[in-house]
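Shown next, in structure tokens, is the structure this report addresses.
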Amino acid sequence: MKYKHAFAVGNLCMATGMIVMLGSLGYTLLTHIFPLGLPEFLSDISLMGIFVGALVWLAGARIGGRETIAERYWWLRNHDERYRRRDNHRYP
């Protein structure tokens, strides 16, 4: 898969996962706060939808290449001596 296609598919998966997570979370909260008279198994499925949405979001981040770049830069900034900023300010 080319980079452009992987980037687009990753963004689509991330957006889909976020929508599923937020929708499931909203449905779960609404059924627990207000008595809507809906079947109980839909609430359980909605609770599982939060985790499914998180997995889809993480898969999209992995496909789009966002996961590894953020980890690499975080590692360089915090743990690699060659790339760590020098603290040359007055206040220690």
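Evaluated against (1) within 22 Å of Ile63 (Cβ to Cβ); (2) at pLDDT below 85; (3) open to solvent by less than 80 Å² (accessible area, probe 1.4 Å), Gly37 falls short on exactly one condition, (1). Filtered by the rule that a residue be among the β-branched types (Val, Ile, Thr), closer than 19 Å to His5 by Cβ and open to solvent by 60 Å² or more (accessible area, probe 1.4 Å), region 40-69 gives Ile63, Thr68, Ile69. The set of residues in region 2-34 being aliphatic (A, V, I, L, M) and open to solvent by less than 100 Å² (accessible area, probe 1.4 Å) consists of Ala6, Ala8, Val9, Met14, Ala15, Met18, Val20, Met21, Leu25, Leu29, Leu30.
The values are calculated or read from the model by the stated rules, or taken from the named source; none is laboratory data. Worth saying up front: this structure is predicted, and the values here are computed from it rather than measured. Every residue, glycine as well, gets a Cβ built from its backbone with ideal geometry; the counts of neighbours run over all protein chains shown. The protein model used for the area step is the full one, side chains on, heavy atoms only, and it has no ligands, DNA or RNA in it. Shrake-Rupley method; radii C 1.70, N 1.55, O 1.52, S 1.80 Å.
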